[in-house]
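Asks: Got a structure for you, questions after.
The values are calculated or read from the model by the stated rules, or taken from the named source; none is laboratory data. The model shown is predicted, which means the values in this text are computed figures rather than measured ones. Cβ placement follows ideal geometry from the backbone for every residue including glycine, while neighbour counts extend to all protein chains displayed.
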Amino acid sequence: MIVSWAALAASIVASMLGQTLLKSGAGAPSFAAQMLHWHSLVGLVVYAGAAILYMIALRRIPMSVALPCTAVTYIFALLIGHYAFGEPIVPVKLLAILLIGTGVILLAAV
């Protein structure tokens, strides 16, 4: 079971890395250039790896637990968006993240 939880955690981290790379490739002048930008290409590969790790996690973790646990990516997305891309953090976002984080903890404890 520990392997499944490790795969889920690795899937979440890989998913965030892949999405961050996709976002950084979004600054290309056109969609075609974005698709061929090395950040986008690596991001797609990492994102695919995240899907494979998630499949491994689902072998032992119920989907009703695993999928809500991936909501922790919203917390990472807020932080990465702010620190890497200068996106603002407003109080309502902090409240939403607190609620999501609480829900993830409660579901993971079941």
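Asks: Out of the residues in segment 2-41 that are touching a residue at least 60 places away in the same chain (Cβ under 8 Å) and among the hydrophobic types (A, V, I, L, M, F, W, C), state the one that is farthest from ALA84 (Cα to Cα).
Replies: Taking the candidates together, the pick is LEU8.
Asks: A further question follows. Does LEU107 count as surrounded by 11 or more Cβ atoms within 10 Å (Cβ to Cβ), assigned to a helix (DSSP H, G or I) and in contact with a Cys (Cβ under 9 Å, 6 or more places away or on another chain)?
Replies: Yes: the conditions hold for LEU107.
Asks: Against the definition (at pLDDT 95 or above, out of contact with any Leu (no Cβ under 6 Å at 6 or more places or on another chain), outside any loop (DSSP other than H, G, I, E, B) and within 19 Å of ILE75 (Cβ to Cβ)), how does LEU21 come out, yes or no?
Replies: yes
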